[in-house]
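The values are calculated or read from the model by the stated rules, or taken from the named source; none is laboratory data. For clarity, every value in this text was computed on a predicted model and none was experimentally measured. These accessible areas exclude ligands, DNA and RNA; they are computed on the full protein's heavy atoms, side chains included. Shrake-Rupley method; radii C 1.70, N 1.55, O 1.52, S 1.80 Å.
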Amino acid sequence: MTTKWLTPEQAIVKANLTVTFETLKSYISEQQGKTTAEEQFQALGLLFDRERLRAGKPNFLQLLEPVSDENSYAEDEIDSHELEDDDTETSATNSVNQLEPFIFEQCKVQIVITLLPTEQTGDRTVMIAASSHGDFPVVAMLNQDELGDLPPAIVQLLDELKADFPNRQIRRNIAQTQAVKTNKPHTSQTPTCTQTASPDTTKAPSNTTQISLF
(Lines give C-alpha, C1' and ligand atoms only; values in the text may rest on other atoms or scores of the structure.)
Protein backbone atom coordinates (compact mmCIF):
# COMPACT_ATOMS: atom_id res chain seq x y z
CA MET A 1 0.00 0.00 0.00
CA THR A 2 1.35 3.40 -0.97
CA THR A 3 2.27 5.73 1.85
CA LYS A 4 -0.19 8.61 2.02
CA TRP A 5 1.61 11.90 2.58
CA LEU A 6 -0.56 14.83 3.60
CA THR A 7 -0.31 18.59 3.67
CA PRO A 8 -1.01 20.24 7.05
CA GLU A 9 -4.49 21.19 5.86
CA GLN A 10 -5.22 17.60 4.77
CA ALA A 11 -3.83 16.23 8.04
CA ILE A 12 -6.16 18.45 10.08
CA VAL A 13 -9.17 17.08 8.17
CA LYS A 14 -8.03 13.43 8.07
CA ALA A 15 -7.13 13.28 11.77
CA ASN A 16 -10.08 15.45 12.88
CA LEU A 17 -7.74 17.83 14.68
CA THR A 18 -8.92 20.91 16.54
CA VAL A 19 -5.63 22.76 16.01
CA THR A 20 -5.22 25.30 13.23
CA PHE A 21 -2.79 25.40 10.34
CA GLU A 22 -0.87 28.18 12.08
CA THR A 23 -0.38 25.94 15.13
CA LEU A 24 1.10 23.16 13.01
CA LYS A 25 3.30 25.68 11.25
CA SER A 26 4.59 26.91 14.61
CA TYR A 27 5.73 23.37 15.47
CA ILE A 28 8.20 23.56 12.58
CA SER A 29 9.51 27.08 13.12
CA GLU A 30 9.67 27.05 16.92
CA GLN A 31 11.09 24.58 19.41
CA GLN A 32 9.50 24.67 22.85
CA GLY A 33 12.15 23.68 25.39
CA LYS A 34 13.37 20.14 24.76
CA THR A 35 10.28 19.15 22.80
CA THR A 36 11.08 18.66 19.11
CA ALA A 37 8.73 19.19 16.20
CA GLU A 38 8.66 15.42 15.67
CA GLU A 39 7.42 14.85 19.22
CA GLN A 40 4.78 17.58 18.94
CA PHE A 41 3.37 16.06 15.75
CA GLN A 42 3.46 12.58 17.31
CA ALA A 43 1.30 13.87 20.16
CA LEU A 44 -1.34 14.70 17.52
CA GLY A 45 -1.04 11.26 15.91
CA LEU A 46 1.06 12.49 12.98
CA LEU A 47 4.46 11.63 11.54
CA PHE A 48 6.61 14.59 10.51
CA ASP A 49 9.15 14.05 7.71
CA ARG A 50 11.70 16.85 7.89
CA GLU A 51 13.49 15.66 4.75
CA ARG A 52 10.35 16.04 2.61
CA LEU A 53 9.87 19.54 4.05
CA ARG A 54 13.45 20.47 3.17
CA ALA A 55 12.91 19.13 -0.36
CA GLY A 56 10.08 21.64 -0.77
CA LYS A 57 7.27 19.07 -0.78
CA PRO A 58 4.01 20.46 0.65
CA ASN A 59 2.87 17.04 1.91
CA PHE A 60 5.27 16.09 4.70
CA LEU A 61 2.85 14.62 7.27
CA GLN A 62 1.47 11.11 7.65
CA LEU A 63 -1.17 9.61 9.92
CA LEU A 64 0.12 7.18 12.55
CA GLU A 65 -3.08 5.14 12.28
CA PRO A 66 -3.68 3.22 9.05
CA VAL A 67 -5.49 5.33 6.48
CA SER A 68 -8.85 4.11 5.20
CA ASP A 69 -9.16 3.05 1.59
CA GLU A 70 -11.57 5.92 0.88
CA ASN A 71 -10.34 7.98 -2.04
CA SER A 72 -7.30 5.71 -2.20
CA TYR A 73 -7.44 5.60 -6.00
CA ALA A 74 -7.06 9.36 -6.29
CA GLU A 75 -4.28 9.47 -3.71
CA ASP A 76 -2.41 6.58 -5.34
CA GLU A 77 -2.70 8.39 -8.67
CA ILE A 78 -1.13 11.48 -7.12
CA ASP A 79 1.68 9.39 -5.65
CA SER A 80 2.33 7.75 -9.03
CA HIS A 81 2.67 11.20 -10.59
CA GLU A 82 5.17 12.13 -7.91
CA LEU A 83 7.21 9.00 -8.69
CA GLU A 84 7.16 9.88 -12.39
CA ASP A 85 8.39 13.37 -11.55
CA ASP A 86 11.22 11.90 -9.47
CA ASP A 87 12.23 9.62 -12.36
CA THR A 88 12.21 12.57 -14.75
CA GLU A 89 14.34 14.58 -12.35
CA THR A 90 16.85 11.71 -12.03
CA SER A 91 17.10 11.39 -15.82
CA ALA A 92 17.68 15.13 -16.15
CA THR A 93 20.39 15.00 -13.47
CA ASN A 94 22.22 12.23 -15.33
CA SER A 95 22.12 14.28 -18.52
CA VAL A 96 23.60 17.29 -16.68
CA ASN A 97 26.37 15.10 -15.25
CA GLN A 98 27.38 14.06 -18.75
CA LEU A 99 27.51 17.68 -19.96
CA GLU A 100 29.54 19.10 -17.06
CA PRO A 101 33.24 19.71 -17.80
CA PHE A 102 35.96 17.85 -15.93
CA ILE A 103 37.02 21.00 -14.13
CA PHE A 104 36.73 20.79 -10.35
CA GLU A 105 35.32 24.29 -9.87
CA GLN A 106 32.77 23.89 -12.70
CA CYS A 107 31.24 20.49 -11.94
CA LYS A 108 29.13 18.96 -9.22
CA VAL A 109 31.13 16.97 -6.67
CA GLN A 110 29.41 14.63 -4.24
CA ILE A 111 30.97 13.83 -0.86
CA VAL A 112 29.37 11.14 1.30
CA ILE A 113 30.41 10.51 4.92
CA THR A 114 29.24 7.21 6.39
CA LEU A 115 29.55 6.51 10.11
CA LEU A 116 29.76 2.76 10.61
CA PRO A 117 28.47 1.19 13.86
CA THR A 118 30.72 1.60 16.88
CA GLU A 119 32.85 -1.49 17.54
CA GLN A 120 33.20 -3.26 20.89
CA THR A 121 36.56 -1.55 21.37
CA GLY A 122 34.81 1.83 21.30
CA ASP A 123 36.30 2.82 17.94
CA ARG A 124 34.05 3.98 15.13
CA THR A 125 35.12 3.65 11.51
CA VAL A 126 34.23 6.38 9.05
CA MET A 127 33.98 5.87 5.30
CA ILE A 128 34.36 8.93 3.07
CA ALA A 129 33.46 8.74 -0.63
CA ALA A 130 33.83 11.44 -3.29
CA SER A 131 32.49 11.23 -6.85
CA SER A 132 31.57 13.33 -9.86
CA HIS A 133 29.93 13.03 -13.28
CA GLY A 134 27.97 9.95 -12.16
CA ASP A 135 31.17 7.88 -12.14
CA PHE A 136 32.41 5.51 -9.40
CA PRO A 137 33.64 7.19 -6.20
CA VAL A 138 37.05 7.28 -4.58
CA VAL A 139 36.82 5.93 -1.02
CA ALA A 140 38.87 6.35 2.15
CA MET A 141 38.43 4.56 5.49
CA LEU A 142 39.61 6.11 8.74
CA ASN A 143 38.88 6.26 12.44
CA GLN A 144 36.42 8.87 13.70
CA ASP A 145 39.15 10.40 15.87
CA GLU A 146 41.22 11.01 12.74
CA LEU A 147 38.27 12.80 11.14
CA GLY A 148 38.30 15.44 13.86
CA ASP A 149 35.41 17.74 14.76
CA LEU A 150 32.62 17.95 12.21
CA PRO A 151 31.43 21.35 10.97
CA PRO A 152 28.52 22.83 12.97
CA ALA A 153 26.13 22.44 10.02
CA ILE A 154 26.79 18.68 9.87
CA VAL A 155 26.49 18.35 13.64
CA GLN A 156 23.09 20.07 13.49
CA LEU A 157 21.94 17.69 10.74
CA LEU A 158 22.99 14.67 12.81
CA ASP A 159 21.12 16.05 15.83
CA GLU A 160 17.97 16.43 13.72
CA LEU A 161 18.45 12.89 12.39
CA LYS A 162 18.69 11.47 15.92
CA ALA A 163 15.58 13.42 16.92
CA ASP A 164 13.73 11.80 13.99
CA PHE A 165 14.70 8.23 15.04
CA PRO A 166 11.34 7.64 16.83
CA ASN A 167 9.49 8.56 13.63
CA ARG A 168 11.68 6.27 11.57
CA GLN A 169 11.15 3.41 14.03
CA ILE A 170 7.36 3.87 13.79
CA ARG A 171 7.48 4.00 9.98
CA ARG A 172 9.48 0.77 9.86
CA ASN A 173 7.10 -0.94 12.28
CA ILE A 174 4.12 0.15 10.15
CA ALA A 175 5.82 -1.09 6.97
CA GLN A 176 6.66 -4.44 8.57
CA THR A 177 3.09 -4.85 9.85
CA GLN A 178 1.67 -4.09 6.42
CA ALA A 179 4.12 -6.55 4.82
CA VAL A 180 3.03 -9.30 7.22
CA LYS A 181 -0.64 -8.63 6.46
CA THR A 182 0.07 -8.67 2.72
CA ASN A 183 2.11 -11.88 2.79
CA LYS A 184 -0.08 -13.72 5.30
CA PRO A 185 -1.32 -16.95 3.62
CA HIS A 186 -5.04 -17.56 3.46
CA THR A 187 -5.87 -20.88 5.14
CA SER A 188 -8.79 -22.75 3.64
CA GLN A 189 -11.19 -24.25 6.11
CA THR A 190 -12.33 -27.81 5.41
CA PRO A 191 -15.98 -28.34 6.28
CA THR A 192 -16.45 -30.74 9.18
CA CYS A 193 -18.98 -33.52 8.79
CA THR A 194 -20.73 -34.59 11.98
CA GLN A 195 -21.85 -38.19 12.18
CA THR A 196 -23.96 -39.80 14.88
CA ALA A 197 -22.36 -42.99 16.14
CA SER A 198 -24.50 -45.98 16.96
CA PRO A 199 -24.50 -47.29 20.53
CA ASP A 200 -22.60 -50.39 19.44
CA THR A 201 -19.80 -48.36 17.81
CA THR A 202 -16.61 -48.16 19.84
CA LYS A 203 -14.32 -45.15 19.42
CA ALA A 204 -10.81 -46.03 18.31
CA PRO A 205 -8.02 -44.66 20.49
CA SER A 206 -6.25 -41.64 19.06
CA ASN A 207 -2.46 -41.47 18.96
CA THR A 208 -2.15 -37.77 18.11
CA THR A 209 1.03 -35.89 19.01
CA GLN A 210 0.63 -32.15 19.56
CA ILE A 211 3.58 -30.12 18.36
CA SER A 212 4.03 -26.51 19.42
CA LEU A 213 5.28 -24.44 16.55
CA PHE A 214 6.91 -21.09 17.03
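By a 1.4 Å probe calculation restricted to protein chains, ASP149 has an accessible surface near 150 Å², given to the nearest 10. Largest accessible area first, the residues LYS25, LYS57 order themselves as LYS25, LYS57 under a 1.4 Å probe with ligands, DNA and RNA left out. For the set THR23, THR18, solvent exposure ranked by accessible area (probe 1.4 Å, protein chains only) runs largest to smallest as THR18, THR23.
Annotation: amide H of LEU47 within the under-5 Å range of GLN62, LEU63, LEU64, sequence separation 5 or more or interchain, hydrogens built in the peptide plane. Phi angles across the stretch 128-134 convert, under the Karplus curve 6.51 cos²θ - 1.76 cosθ + 1.60 with θ = phi - 60°, into 3J(HN,Hα) values of 10, 10, 10, 8, 7, 6, x Hz, Gly and Pro given as x. Applying the Karplus relation 6.51 cos²θ - 1.76 cosθ + 1.60 with θ = phi - 60° to the stretch 99-106 yields 3J(HN,Hα) values of 8, 5, x, 8, 10, 3, 6, 10 Hz, where x marks Gly and Pro.
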